[in-house]
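Colleague: Take this structure first; my questions come after.
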4 protein chains.
Amino acid sequence: MTDDPLVIANRSFQSRLLVGTGKYRDLDETGAATEASGAEIVTVALRRSNIGQDPDQPNLLDAIPPERYTILPNTAGCYSAKDAVRTCRLARELLDGHNLVKLEVLGDEKTLYPEMRETFSAAETLVADGFEVMVYMTDDPIAARQLEEIGCVAVMPLAAPIGSGLGIQNRYNLLEIIDNAGVPVLVDAGVGTASDAAVAMELGCDGVLMNSAIAGAREPVRMATAMRHAVIAGREAYLAGRIPRKRNASASSPLDGTFF
Amino acid sequence: MTDDPLVIANRSFQSRLLVGTGKYRDLDETGAATEASGAEIVTVALRRSNIGQDPDQPNLLDAIPPERYTILPNTAGCYSAKDAVRTCRLARELLDGHNLVKLEVLGDEKTLYPEMRETFSAAETLVADGFEVMVYMTDDPIAARQLEEIGCVAVMPLAAPIGSGLGIQNRYNLLEIIDNAGVPVLVDAGVGTASDAAVAMELGCDGVLMNSAIAGAREPVRMATAMRHAVIAGREAYLAGRIPRKRNASASSPLDGTFF
Amino acid sequence: MTDDPLVIANRSFQSRLLVGTGKYRDLDETGAATEASGAEIVTVALRRSNIGQDPDQPNLLDAIPPERYTILPNTAGCYSAKDAVRTCRLARELLDGHNLVKLEVLGDEKTLYPEMRETFSAAETLVADGFEVMVYMTDDPIAARQLEEIGCVAVMPLAAPIGSGLGIQNRYNLLEIIDNAGVPVLVDAGVGTASDAAVAMELGCDGVLMNSAIAGAREPVRMATAMRHAVIAGREAYLAGRIPRKRNASASSPLDGTFF
Amino acid sequence: MTDDPLVIANRSFQSRLLVGTGKYRDLDETGAATEASGAEIVTVALRRSNIGQDPDQPNLLDAIPPERYTILPNTAGCYSAKDAVRTCRLARELLDGHNLVKLEVLGDEKTLYPEMRETFSAAETLVADGFEVMVYMTDDPIAARQLEEIGCVAVMPLAAPIGSGLGIQNRYNLLEIIDNAGVPVLVDAGVGTASDAAVAMELGCDGVLMNSAIAGAREPVRMATAMRHAVIAGREAYLAGRIPRKRNASASSPLDGTFF
C-alpha cells in the first residue's frame, strides 16, 4: 500500500505515531518501547528530562539518539506563556539550534488542560522568534484555525485529559478541525488503548501522540507494538474507505442518523 | 512478542483474523484481499460459492487453495436446522471428509439474525454426526454456555447485524461470554472498520471473522491490510494490559463509573 | 397532549412506567415510591413476597392494594419452565383467577439472564393454560417475533442485566423488535437512571419496567418521581418527532452516519 | 420533593429549562411552546427579533410578556466583541435598563462555535459596564473558571454545535466545569431530544437552554412538554442519587471502568 508521508514543517516521516519519554521505569525501557513503537518523532519534557542540562546524570539522548529520532522538546509543566517561551529557547540552545518544538501551556495541575489565552500568546512569540511550533490545544475548531493563522506547523488537540486514558471524547470537534486544517492535525493526550488510536486515524487525523498509554501499561514494550499496529490500521482503514453503517444487511436500509 | 496460538478443534493458527469470500468483484480480488488479511481460516458460503459443485464454473478454491488456507464451509442462506445439516454434509463430501464447519441458521432475510432454536437443534445433530462446529449466534451468554456444552468447538456471537458495519453493540454480553467460555470466542458479523476489530480483541475475544467490512470497502485489499493490523493491535493491547480510565491525570482521581 | 393508552391484553393504562416491589427498606417505602412513580402496573416476585401465602406476616398487598394497582405476579427466582409454570399457577390461585403474569426463567444466578429455551417452553404451556403472558427475554428480534406468535401479550427485552444500571446496551435490537412487534414492547431490566428510561421511550418502546433503579437509589421516592417524568418525557419526545442530527447548524450538512 | 431554586444574579427561578424564541412558525406557536416548556427565562436574539425596534411590526414581547417571563437578550449573530457589546447596550436601552444578557460571540457561520478570545474581551467590557453576563462558551474547564473570575453570572458551555441535535459530546468537560464552578452552569446548544436534556441535568448542570430542539420538532408544543419533564427528571435523578453501574446484578461485581 502506498501512502503519502506525514510532512511537518517540511520534514517527512513514515510513522504517524509520536511518543513521549516520561514515566518509564528506566532508560532501557524508554529505549525499547520507543523502538517497538516505530515512532520517528519523540517528544521530551525539557523540565523533567536531562538532555544535557546536567552532565553528571544519565542523558535521555543516549536512549533516544537524535541521529535516529527527531527530538521534539515540549514545555510540559509550564503554566504561563513566559515560562513556555523561555523553555523553548533553552531547548534550542541545548539542541544546537533545533527549532521544532511542542508548545503546551497548562491551565492547572489537576486537569493539565491547556490555558488557551497563554497558548496563543506563546505561539505568537515563538513563531516570531523563528520556532516551528506544534501546539497542544483544546479541541476548539475556531482556536485551531487561529493557531494555524498565527503560523503553527501542526495543531494538536487533546482527545481527553492527559493521562486519563479516556479515549476520544468529541469526534465532531476533531472532524471539524480536520476538515478545515491546512497543517497536520495530531491527536495529543487521552488515548488509553489501541482502538482509541485507530479511531483517531479513522477520523482523518494525520497522526497521534501518546505517552501514558504506553508507559503506564502493564507491559509497555508490548503496548508500544500494539500502538504501532493500531495507527497503521486506522490510517489504512481511513484510506481504504469503510463501508457505510446500516441498520440491516439489506442495502436498502441505510442508517439515517435519527435514532442514535 | 510471544503469544499463544489460536487453537480451534486442536488446530493451531497464528492469525486471529478469519475472513469470508463473498461480495468481491472477482476471484482475483478475493485472492489478493485474503492474502493481505493474513488470515489462515477462510469461510465459504457453500450455497453461493462454487468449490467444485459445478466443474464448468470458476472454482473458488483456485483463489483460496486448501493447501494454504483452512477452508471453513458455512451454511449462510440456511433458514432451518434441516437445511443447515444437509449443507454441512454436502461440504464434507466435497472437501474429502473435512469436518470443521461454521453453522449459521438464519431467522429472516432482512436482519440475517440467527434463529437460535434451530441453531441448537442443528448443532446437536452435527456434533453427534462428528462435525467440529463453530457456531454463529446471538450475544446471549446463556446460549453460549449451552452451545459449548453441546460440544461446539467455538462460539461466534455477532457484534451487530451481518453487513451492517455498526461495530460492537453490547460489550457486556461479549465480556460475559468471554469470562465463561472454555472454547474460543470469535466475534462474527457487524464489524465496520479497523477500530471495531481492535475493540473486539481488546475485550478478550480470541478472534474476529468478517467479510463485508473488507469486501465492501472502497479499496478491499487495503482494508484487508488495515484489519490485519487492527486484530494484532487489539490482541497485543489486551495482552499488554491497558492503563485504567481516570477522570484526570492525577492518579488519585480514578473513574468510579457512576457518571457515564 | 393526547396520547393513546398503553393496552396490554385488553386492559388500558395511562402510565407507561411499570415498577417492581423488591429491595425497599420497608412496606412504607414500597408504597410511597410506587405512588410517586405513578405506575398502574406493579410486579411482584411471588417467591420473595408475601401476598397472602403466610397470613402471619405483613402482606405486600396492604402497601400495593389490588383495587388500585394491577398486580403483575412474576416468576423471579425460577430457573426452569416447570418452576415458572408452577409459580404462575400458584399466583392465579392466590389472586382469585388473575391471569396476567410476567414470565421470567433465569439462566444463572450471577447474570440473571433469561434462559430462552426454557422461556419458550414455559410460554407455550402458560398460553395454552389460559394465562396472559408478558415475557422477559433477551433482546433477540427473532425470539421476540416467535414469542409473539406463541401468544404472549407483551415482549419485555432486557436493556442490560437485572440490577446492573448500565442502561440500554443495544439500541438496534430494540428498534428491530419495535419495528416488527404487534404487541407492546416493554424494556425490562438494566435501567440505571432517568435518561435511560427516556431513551427507551424515544426509541419507541411502549413502556419501561424497573425496580433496582428506584429501590436502590439514595432517595427511592425521589427517584420514582424522576422516573415518572422521564417516561413521560421520552414518550412525548417520541411522539413530537425530534430534529435530525447534523454535524453543523446549517441544514445543508446532515450527518450521513459514516464517521461515528 | 423540595429543591433549591435556580439562582442567577440574585434572581430565583423554579424552572431549570431556558428556551429561545427563534425558528417558530409564528408568534402564536412561540407563545404556546414557551408556555408548555414551563420556562421562566426566555432568550431573545436581538438582531433577529423585534422587541420594539420597529413599532410597525409584530412585537415578540406580545407573545412573551416581560411581566411573566425574564427576558434574556442575546447577541446571536455577533462575530466580534465590539458588535456584541453594542448589541447588549441596545438591549438595555430597549428594555429600560435591564442588565441581564446572554453573551455569544461566534467564530464562523458554519459551526456557530464561540470565538473565545473575543468572548473574553466582550465579557470584560460588559461586566465593567454593569451588565450581568451569562456567557456562551466552549466546554473548556479553564475558560469557564476564567470567565467566572471576570465576573460572569453564569457559564453556558455548549453540548454540541448550535442546531446540531447531537446531544452531549463531552461529559468529562462538563463534569469538570460543574465541579469547579461557583456560578450556575447551564448547558447551551446541542440538545436534540428529551434524554439529552436529562443527561445534562444528571451530570449536575444547573439548567439547560435550548431552542432548535423544540422549535424544529415536528410538533414543537409537544416537544416543549417533553423537555419540561426531561429537565425535571434529570434534576430529580441527580438529587435522588442513582444506583452504581455494575456488570452484574451481584453487588460484588462493580464496574471498574477498565473495559469500556
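The values are calculated or read from the model by the stated rules, or taken from the named source; none is laboratory data. Quick caveat: nothing in here was measured; it's all calculated off a predicted structure. With ideal geometry, Cβ positions are generated from the backbone for all residues, glycine too; neighbour counts draw on all protein chains shown.
Colleague: Would you point out which residue out of D:Glu109, D:Glu104, D:Glu115, D:Glu93 is at pLDDT below 95 and either within 23 Å of D:Ala143 (Cα to Cα) or within 14 Å of chain A (Cβ to nearest Cβ) (or both)?
Modeller: Going through D:Glu109, D:Glu104, D:Glu115, D:Glu93 in turn, the sole match is D:Glu109.
Colleague: Tally time: how many residues in region C:202-221 are closer than 30 Å to D:Gly216 by Cβ and more than 8 Å from chain D (Cβ to nearest Cβ)?
Modeller: So the count comes out to 6.
Colleague: Among the listed residues D:Val183, D:Val199, which satisfies the condition of being at the interface with chain C (Cβ under 8 Å from one of its Cβ atoms), at pLDDT 95 or above and either part of a helix (DSSP H, G or I) or within 16 Å of D:Ala144 (Cα to Cα) (or both)?
Modeller: Answer to the check: D:Val199.
Colleague: Something else about it: Within region C:125-140, identify whether any single residue is in a loop (DSSP other than H, G, I, E, B), in contact with a Lys or Arg (Cβ under 7 Å, 6 or more places away or on another chain) and among the hydrophobic types (A, V, I, L, M, F, W, C), and answer yes or no.
Modeller: No; the residues of region C:125-140 include none that is in a loop (DSSP other than H, G, I, E, B), in contact with a Lys or Arg (Cβ under 7 Å, 6 or more places away or on another chain) and among the hydrophobic types (A, V, I, L, M, F, W, C).
Colleague: Being among the aliphatic types (A, V, I, L, M) and surrounded by fewer than 23 Cβ atoms within 10 Å (Cβ to Cβ) narrows it down to one residue among D:Val101, D:Val133, D:Val153; which is it?
Modeller: D:Val153
Colleague: Pairs please, first residue from region C:238-249 and charged (D, E, K, R), second anywhere and outside any loop (DSSP other than H, G, I, E, B) and crowded, with 21+ Cβ neighbours inside 10 Å, Cβ atoms under 8 Å, 6+ apart in sequence or on different chains.
Modeller: Matching pairs, first to second residue: C:Arg242/C:Glu202; C:Arg242/D:Ala213; C:Arg242/D:Met223; C:Arg247/A:Tyr172; C:Arg247/A:Glu176.
Yes/no per residue for (1) on the phi < 0 side of the Ramachandran plot; (2) touching a residue at least 40 places away in the same chain (Cβ under 8 Å); (3) crowded, with 23+ Cβ neighbours inside 10 Å:
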site: B:Pro65; (1), (2), (3): yes, no, no
site: B:Arg86; (1), (2), (3): yes, no, no
site: B:Gly97; (1), (2), (3): no, no, no
site: B:Glu118; (1), (2), (3): yes, no, no
site: B:Leu126; (1), (2), (3): yes, yes, yes
site: B:Asp129; (1), (2), (3): yes, yes, no
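Colleague: Could you check D:Gly22 against (1) modelled with pLDDT of 95 or more; (2) in contact with a strand residue (DSSP E or B) (Cβ under 9 Å, 6 or more places away or on another chain) and say which number it fails?
Modeller: (1)
Colleague: Please state which of the following conditions D:Arg171 fails to meet, knowing it meets all the rest: (1) charged (D, E, K, R); (2) under 25 Å from A:Pro157 (Cα atoms); (3) away from chain A (no Cβ under 14 Å).
Modeller: Looking at each condition in turn, D:Arg171 falls short on (3).
Colleague: Same structure, new question: With in contact with a Lys or Arg (Cβ under 9 Å, 6 or more places away or on another chain), acidic (Asp, Glu) and closer than 18 Å to C:Arg47 by Cβ as the only criterion, which of C:Glu104, C:Glu109, C:Glu118, C:Glu93 stands out?
Modeller: Step by step, each of C:Glu104, C:Glu109, C:Glu118, C:Glu93 is checked, and only C:Glu118 is in contact with a Lys or Arg (Cβ under 9 Å, 6 or more places away or on another chain), acidic (Asp, Glu) and closer than 18 Å to C:Arg47 by Cβ.
Colleague: Can I ask one more? Just to be sure I understand, how many residues within region B:26-58 are in a helix (DSSP H, G or I) and either more than 16 Å from B:Tyr69 (Cβ to Cβ) or more than 16 Å from the chain's Cα centre (by Cα) (or both)?
Modeller: 9
Colleague: Please find, within region A:191-249, the residue that is surrounded by the most Cβ atoms within 10 Å (Cβ to Cβ) out of those that are more than 14 Å from A:Gly38 (Cβ to Cβ) and out of contact with any helix residue (DSSP H, G or I) (no Cβ under 9 Å at 6 or more places or on another chain).
Modeller: Here the answer is A:Asn211.
Colleague: Would you confirm, using the coordinates I've provided, whether D:Val153 is in contact (Cβ under 8 Å) with a residue 60 or more places away in the chain and more than 21 Å from A:Gly167 (Cβ to Cβ)?
Modeller: So D:Val153 fits the description; yes.
Colleague: Another question about this same structure. Would you tally the residues in region D:234-251 being modelled with pLDDT under 95 and more than 7 Å from chain C (Cβ to nearest Cβ)?
Modeller: Total meeting the criteria: 1.
Colleague: Which numbered condition trips up C:Val231, out of (1) modelled with pLDDT of 95 or more; (2) facing chain D (nearest Cβ under 8 Å)?
Modeller: (2)
Per-residue answers, yes or no, for (1) without any contact (Cβ under 8 Å) to a residue 40 or more places away in the chain; (2) surrounded by fewer than 21 Cβ atoms within 10 Å (Cβ to Cβ); (3) at negative phi:
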| position | (1), (2), (3) |
| --- | --- |
| B:Ser15 | no, yes, yes |
| B:Leu27 | yes, yes, yes |
| B:Ser37 | no, no, yes |
| B:Arg47 | no, yes, yes |
| B:Pro55 | yes, yes, yes |
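Colleague: Now, a different point. In region A:1-25, what residues are part of a strand (DSSP E or B) and among the β-branched types (Val, Ile, Thr)?
Modeller: Result: A:Val7, A:Ile8, A:Val19.
Colleague: Taking the residues in region A:88-120 that are of a type in the set (Asp, Glu) and part of a loop (DSSP other than H, G, I, E, B) as candidates, determine which candidate is nearest to the chain's Cα centre (by Cα).
Modeller: This residue is A:Glu104.
Colleague: For the structure I just gave you, tell me whether A:Ala224 is facing chain B (nearest Cβ under 8 Å) and within 22 Å of B:Gly234 (Cβ to Cβ).
Modeller: Against the criterion (facing chain B (nearest Cβ under 8 Å) and within 22 Å of B:Gly234 (Cβ to Cβ)), A:Ala224 does not qualify.
Colleague: Mind listing whichever residues of region D:70-84 are buried (at least 19 other Cβ atoms within 10 Å of the Cβ) and in a loop (DSSP other than H, G, I, E, B)?
Modeller: Within region D:70-84, D:Thr75, D:Ala76, D:Cys78 meet the criteria.
Colleague: Step by step: first the residues of region B:4-13, then only those that are of a type outside the set (A, V, I, L, M) and surrounded by 13 or more Cβ atoms within 10 Å (Cβ to Cβ), then the one that is farthest from B:Asp96 (Cα to Cα). Which residue is that?
Modeller: Applying the filter and picking the extreme gives B:Phe13.
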